[in-house]
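Colleague: One structure, pasted below without further comment.
The values are calculated or read from the model by the stated rules, or taken from the named source; none is laboratory data. Because the structure is predicted, anything quoted here is derived from the model rather than measured. In this analysis, Cβ positions are derived from the backbone assuming ideal geometry, glycine residues included, and neighbour counts consider all displayed protein chains. These area figures cover heavy atoms from the full protein model, side chains too; ligands, DNA and RNA do not enter into them. Shrake-Rupley method; radii C 1.70, N 1.55, O 1.52, S 1.80 Å.
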Amino acid sequence: MAISENIKNIKSLIPNHVTLIAVSKTKPNDMLLEAYNAGQRNFGENYVQELVDKHELLPKDMHWHFIGHLQSNKVKYIAPFVHLIHGVDSFSLLKEINKQAQKNNRIIDCLLQIYIAQEETKFGLDFNEASAILTSNEFKDLKNISIKGFMAMASNTDDVIQIKKEFASLKTFSLQYPELTILSFGMSSDYQLAIQEGSTMIRVGSSIFGERNYNK
């Protein structure tokens, strides 16, 4: 099925308040253009160099979301243009984003990544660490970042009850911060469940572009 059809199908299944991020990592530019021509504007990338290369070559009204694990020394490459950084998992990374945003005379929107999964391989802050950041005086001094909400990844499991519980835990935590309105969780396999549990931003790759080939 064509990419444009896939996008249309997904958009018909999600409410208007939910933003669809097309996860385009490892996908060639012509596939991204096909999605763009179908009206898609929000794209998610995991690798800094790939994101920079695509940004240079593709239409300038694309909104680029960095959804991977971001290293502090790479922030400077995406700071001039990135739309939203999803995976902020430490205060030191926030400080670096703030510093690079300042250099580019921008305020960069960010999400704090929360660790909700039952797996060692995922990154993120626990609820207490996230609260400590949001209430600290040091955080209030960072004038060139804007925290918009939270991002998370559920465990890689077929246990729907567990996934539901993990998503619900983030939604419950977020209620303490009503001004932080973005909840980025849910992927190709579980986005409908994620929306039921309060997600406002879903990150969908294979259901739009087909399965990913990591051998390239």
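Colleague: In region 169-203, what count of residues is obtained for those that are among the hydroxyl-bearing types (Ser, Thr, Tyr), touching a residue at least 40 places away in the same chain (Cβ under 8 Å) and farther than 20 Å from Val23 by Cβ?
Modeller: 2
Colleague: Just to verify a result, which residue in region 110-121, among those that are over 13 Å from the mean Cα position of the chain (by Cα) and more than 17 Å from Ala168 (Cβ to Cβ), is least open to solvent (accessible area, probe 1.4 Å)?
Modeller: Within region 110-121, the match that is least open to solvent (accessible area, probe 1.4 Å) is Glu119.
Colleague: Give the number of residues within region 28-53 that are open to solvent by 20 Å² or more (accessible area, probe 1.4 Å) and either modelled with pLDDT under 95 or in a strand (DSSP E or B) (or both).
Modeller: Qualifying residue count for the region: 1.
Colleague: So in region 83-97, with the set limited to residues that are touching a His at 6+ places or on another chain (Cβ under 9 Å) and free of Cβ contacts under 8 Å to residues at least 60 places away in the same chain, which one is nearest to Ser184 (Cα to Cα)?
Modeller: My answer is Ile85.
Colleague: Could we say that Glu5 is free of Cβ contacts under 8 Å to residues at least 24 places away in the same chain and part of a helix (DSSP H, G or I) here?
Modeller: Yes.
Colleague: Anything in region 59-109 that is outside any loop (DSSP other than H, G, I, E, B) and loosely packed, with under 15 Cβ neighbours inside 10 Å? List them, or say none.
Modeller: Residues satisfying the conditions are Asn73, Ser92, Lys103.
Colleague: Ser24 is checked against (1) closer than 19 Å to Val204 by Cβ; (2) surrounded by fewer than 20 Cβ atoms within 10 Å (Cβ to Cβ); (3) of a type in the set (Gly, Ala, Ser) and fails just one. What number does that condition carry?
Modeller: (2)
Colleague: Of all residues in region 86-140, which are among the basic types (Lys, Arg) and closer than 28 Å to Asn156 by Cα?
Modeller: Answer for region 86-140, where residues must be among the basic types (Lys, Arg) and closer than 28 Å to Asn156 by Cα: just Lys122.
Colleague: Considering each residue of region 174-205, count those that are open to solvent by 40 Å² or more (accessible area, probe 1.4 Å), among the polar types (S, T, N, Q) and closer than 29 Å to Glu50 by Cα, and give that number.
Modeller: Counting residues in region 174-205 that are open to solvent by 40 Å² or more (accessible area, probe 1.4 Å), among the polar types (S, T, N, Q) and closer than 29 Å to Glu50 by Cα gives 3.
Colleague: Kindly list, by first and then second residue, each pair from a residue in region 61-80 that is closer than 20 Å to Ser92 by Cβ to a residue that is part of a helix (DSSP H, G or I) and hydroxyl-bearing (Ser, Thr, Tyr), limited to pairs with Cβ atoms under 7 Å and residues at least 6 apart or on different chains.
Modeller: Within 7 Å, the pairs are Ser72/Ser92.
Colleague: Of all residues in region 123-140 being open to solvent by less than 40 Å² (accessible area, probe 1.4 Å) and in a loop (DSSP other than H, G, I, E, B), which is nearest to Asn46 (Cα to Cα)?
Modeller: Residue satisfying both the conditions and the ranking: Gly124.
Colleague: Open to solvent by 20 Å² or more (accessible area, probe 1.4 Å) and either in a helix (DSSP H, G or I) or touching a Phe, Trp or Tyr at 6+ places or on another chain (Cβ under 9 Å) (or both): which single residue out of Lys148, Lys143, Lys164 fits that description?
Modeller: The conditions single out Lys164.
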